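Just below is one structure, and these are the notes that go with it.
No value in this document is a laboratory result; all are computed from the given coordinates. Here the structure is a predicted model, which is why all the values come from computation and not from measurement. FYI the Cβ positions are ideal-geometry reconstructions off the backbone, even for glycines, and counts take in every protein chain you see.
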């Protein structure tokens, strides 16, 4: 248990497990720490001063804080490429055996940094707005500049290999979500739990307890941490309580929906360890829907802004106490503490008790007189009143502090400076409540002049307790947590009496003074750099310069200087920055603006956001009952909505797989000359029953349904109320009060909602019900001249062309399976659509192929389907139409029943003058003069190809294919006044300058009389 | 004759008389076309056990609660659930009826019974305005059991499945992963999912992936 290699580790104290020593590597050097350490506490224990180089000036930087607010100690984790994690805060990373970390900045290393020369020289050449001013012109070069700047700045890097870990989400519900397990949060959770409420308590640290884990105070005469342990034990026993340590509440969204990010295995290793062969998820997003939310998020201590306050060895005062008391680490030997308040005196007392030297406490107040001040005096600690540290001395580590009397109101140095020899400067300028989550609700925080900080404004159902709303005293914070929880539950109609908080000493503290930036003998612009935002290298001078350049709102100052724009979101610097801007502008802090925070509170790994919605689970894939057969046949698939539809079925010809063009040519010819088969199961199918079913159809379709007899099928067009085509399909009359509607594959859900919408809101008196049966039926289209012969081999249905006509449907058996067969055609050929209950589909399909062998039954996919229907001029709603096309634009006058008795949807719009214009875009066919040309879908059509740009555009190509039947390219298009342009030659200009010559023709290219589907 | 014109409505017995091979909506998944590793078997360590109850009869009932309740009681001896989101089972537990929407219920019966049940319901309903639709080919039922079943559901749906909100006898249509399904609680130790055929493969793969950490096993 030798600790000789950890020079700053105390012999005793702290919550670390001294018996468990862990090896880790930082910047290639091996060190040792203990279980219970963070990477930061272990580095400090080993006396590592420089942990990074700064973003812009490349100055050496050390650890400043002990939690999420740390701006400097960002490290790159990972010993292998796949395990790389950028920008991890060392203060929040638990130490584990073998941890490997590197500084994110600094080349070739943090000790000897090439960029620092640039930083030293560049300081004066890199004022705020430097990037804007320098790299904006010429604008086209920005992309190039940006790459170089990013590389130079370097904020970690992403792994180049696949992440071996998995991530997931968990949906949680509770009566009360308590964020933060410090004194207020524990008291709140205990109050709610004892009242029987469902409670979630989350805390971002490795161990719950918050400030109690490092507190000097006693609770019920015992160390405060013991009370915390007892409460956590009690909560853990309660099965209505969910405890989530290592879990950061990152975003408050609407209606008490809060996202929590739980780091599940990051304290165990760089990738999740395998347990029973399974690697559990590395981190998890809890999606919490809470009845009420209680924020017990504590406060962040503000450092003072003085010269060279970024030299390693400068820390915030509370962090010093945390390292000593919680981790048994004193981060130095000789301390100077510079404060504006009593609370921070604890750092000096802790330091003194650790047996190291407190050189002096420099207090900005003239006569500090609180109890802690008295304690320090009693120990003989030198207290320099009315003064502050003006400037730190040293390069890679503090070696002195220049101290002088100051006048805070006049912002000037009033006394002679004295240099105190020391290696650590801790500072405290007060405490900012952590109001981020409250701010996510959109509520603007308000400035409190007594607390010297913003306190949260709270929307209904959100509560704050303890330091999060400025109640910093321990006894008061405990009581506050309990009473706020009780209020929150009352809002849910549940009564909960606040727990009796443990007895805590009341410590009388004197009033703090307002001090943010410490004055220097030199004006701010000439003084040594006084850092406000260390992560983004924003100095007090930069903020002052921004105000001089005319930026008055803090929102503008922030954007100009990048204050608060780092991954730490300016947790330490924002208020100081606002105070400096306010001083420069001669205004108060609230007058320069409030501070706005947005999710996320700390960076969240993409994996946790994505969860398991990735790879083959990224989006649902919908399969038909025949999917497996298609896969086995080597089909290529096309995404149609979420469906996977066979696109084409490439065959091996002479050992070579067909291209799509070859496969489609073969499939198209097979349908026109023999027989093909298509899996049409994806078409939407809606069962419609009721005495008013027929009436309802007449109102939602443009055409007539009054006389459609059972056994018959009709094609229908559906318009939106603007008269534009929405969907199309066939509807069959199954019985006098019973219809089966089909919709397009993509339109199915929309049509179903459309029918329900009109029924429920406009015509509730109609007796009709709609039920989706899309998935119940499998649909197989057998089409081509040989279709009848093939089907007749396996069905008992009379297929005689007089008995079973085009647009008829019949019941019967196909391959011994009960089937409904519809004689409808989307190819223009003889076609039967066989519908069977989906569980039996594969048997029917396979039987068709057994019998189809002699006809060379050819499976075809959506591409061939498109070619065949386009040859017949049959539209696809959503491809040939785009929400601006009427049935009449499509030339389907026969499908619009203006004389129907009821005002059907779209009728009124179709009688407007605009929809009757002669120059509307009308549906036509196009034939390229050069038959080898296949036009591009979406291409524009013009009269004069030589007209200077902007050309007069007549319309555009909606569908275009090569037709093996026509041995030519052909297209469908919408063209202004197209029906009057038949036979005209028009042009389709292409981006490369050439223009294709096309002839306007009828959209029906094959069998214009429609004889083939009637055979 | 598989088709009977029932008054003005055509009913249809989808089942062949001959023995014909059939495939449930999970057949693709079970044939491992889409999952790289075979479905894990159930063992003593399985925190979740999944079993498909394939080929059941699923009927969608639409109409007024009072007439449908009478008819269902007469034919099956079960009352329609009295509350929204209710689920009622017969004594054998093989037949169930659940609320889907204010005028819509899902009736599940043993496979092959659905056509006869439909006819008897139609007889009982007489002239009332209602609809009965066979959906048996379009959906399948999957049961989830095991101590980790609830946690698996929490990974998948934003519905609150805590026993205080989702007790036995409740059934809800929920968002599940990026799809949706019907979630039922017929017994203390069992959940049932009704999956739509076309989404079944995706949902099954999701459940297996989400259940891997609990050692999920598939009962075949």
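Multiplying the residue separation of residue A:936 and residue A:654 by 0.36 nm and removing their Cα-Cα distance gives an extension gain of 98.4 nm.
Under 18 Å from a label point 7 Å along Cα→Cβ of residue A:894: give me every residue in the stretch A:852-887 with its amide N that close. Of the residues in the stretch A:852-887, A:869-876, A:887 have backbone N under 18 Å from the label point off residue A:894. Dividing the C-alpha radius of gyration of the stretch A:897-995 by 2.2 N^0.38 Å, with N its residue count, gives 1.32. In terms of Cα atoms, the Rg and Dmax of the stretch A:355-479 work out to 18.5, 54 Å. Annotation for residue A:410 and residue A:1015: the two label points, set 7 Å from Cα along the Cα-Cβ direction, are 10.8 nm apart. Once the Cβ-Cβ distance between residue B:178 and residue A:849 is put in as r, and R0 is 35 Å, what FRET efficiency do you end up with, to the nearest 0.05? For residue B:178 and residue A:849, the calculated efficiency is 0.55. Cα centroid separation, the stretch A:697-716 to the stretch B:49-73: 31 Å. Here the sum of -39500 (n - 2.57) over DSSP H runs of 4 or more residues, divided by the residues of chain B, equals -7000 deg cm²/dmol at 222 nm, to the nearest 500.
Considering only alpha-carbon pairs that sit under 8 angstrom and 6 or more positions apart, the relative contact order computed for chain B is 27 percent. Rounded to a whole number, what is D in µm²/s for the stretch A:676-820 from Stokes-Einstein with the Kirkwood radius over alpha-carbon pairs (10 °C, 1.306 mPa s)? Rounded to a whole number, D works out at 98 µm²/s. The stretch between residue A:220 and residue A:884, if pulled fully straight at 0.36 nm per residue, gains 231.4 nm over its current Cα-Cα span.
Label-to-label distance, residue A:990 versus residue B:51, with points set 7 angstrom from Cα along the beta-carbon direction: 6.3 nm.
Where does helix A:474-491 land angle-wise versus the long Cα axis of chain A, in degrees 0 to 90, nearest 10? Here the helix axis deviates by roughly 30 degrees.
From least to most packed, judged by other beta carbons within 10 angstrom and beginning with the fewest, A:450, A:743 follow the order A:450, A:743.
Report the percentage of all Cα-Cα pairs in the stretch B:122-190 whose separation exceeds 15 Å, rounded to a whole percent. Within the stretch B:122-190, distances greater than 15 Å cover 63 percent of Cα pairs.
As a calculated quantity, the FRET efficiency between residue A:511 and residue A:591 at R0 = 25 Å, using C-beta atoms, amounts to about 0.65. In chain A, the longest principal axis of the Cα atoms and the axis of helix A:183-194 are about 50 degrees apart.
Taking other C-beta atoms within 10 angstrom as a stand-in for reagent exposure, A:730, A:424, A:682 fall in the order A:730, A:682, A:424, fewest first. Quick one: Debye curve from the alpha-carbon atoms of chain A only, equal weights, vacuum; give me log10 I(q)/I(0) at q = 0.04, 0.07 Å⁻¹ to two decimals. Ignoring solvent entirely, the Cα scatterers give -0.32, -0.80.
Rg and Dmax, both from the Cα atoms of the stretch A:858-916 and both in Å, are 15.1, 48. Note on residue B:158/residue A:369: beta-carbon distance plugged into 1/(1 + (r/R0)^6) with R0 of 60 Å gives a FRET efficiency of 0.60.
Hydrodynamic estimate: the Kirkwood radius of the stretch A:566-619 over Cα pairs, inserted into Stokes-Einstein at 20 °C and 1.002 mPa s, corresponds to D of 152 µm²/s. Legend: translational diffusion of the stretch A:157-234 by Stokes-Einstein, Rh = Kirkwood radius over C-alpha pairs, 37 °C, 0.692 mPa s; D = 225 µm²/s.
If you take the Cα centroid of the stretch A:230-294 and the Cα centroid of the stretch A:177-213, the two points sit 13 Å apart.
Relative to the 2.2 N^0.38 Å rule of thumb, the stretch A:843-890 has a C-alpha radius of gyration ratio of 1.71. Separation of the stretch A:779-816 and the stretch A:607-668, taken as the distance between their Cα centroids, equals 29 angstrom.
Placing one equal scatterer on every Cα of the stretch A:2-51 and applying the Debye formula, the log10 ratio I(q)/I(0) at q = 0.30 Å⁻¹ is -1.40. Note on chain A: helix-only mean residue ellipticity at 222 nm, from DSSP H runs of 4+ residues weighted -39500 (n - 2.57) and normalised by residue number, equals -6000 deg cm²/dmol.
Kirkwood analysis of the stretch B:24-219, using all unique Cα-Cα pairs, places the hydrodynamic radius at 17.3 Å. Helix A:142-153 axis versus longest C-alpha principal axis of chain A: approximately 40°, rounded to the nearest ten.
Placing a label point 7 Å from the Cα of residue A:278 along the Cα-to-Cβ line, the residues of the stretch B:162-180 whose backbone N sits under 19 Å from it are B:177. Label separation (residue A:25 vs residue A:749): 4.9 nm, computed from points 7 Å beyond Cα along the C-beta direction. Computed over chain A, relative contact order equals 9 percent, with contacts defined as Cα pairs under 8 Å that lie 6+ residues apart.
Neighbour counts of other Cβ atoms within 10 Å put A:255, B:129, A:630 in the fewest-to-most order A:255, B:129, A:630.
Taking a point 7 Å from the Cα of residue B:187 along the Cα-to-Cβ direction, the residues of the stretch B:39-56 with backbone N closer than 19 Å to it are B:42-56.
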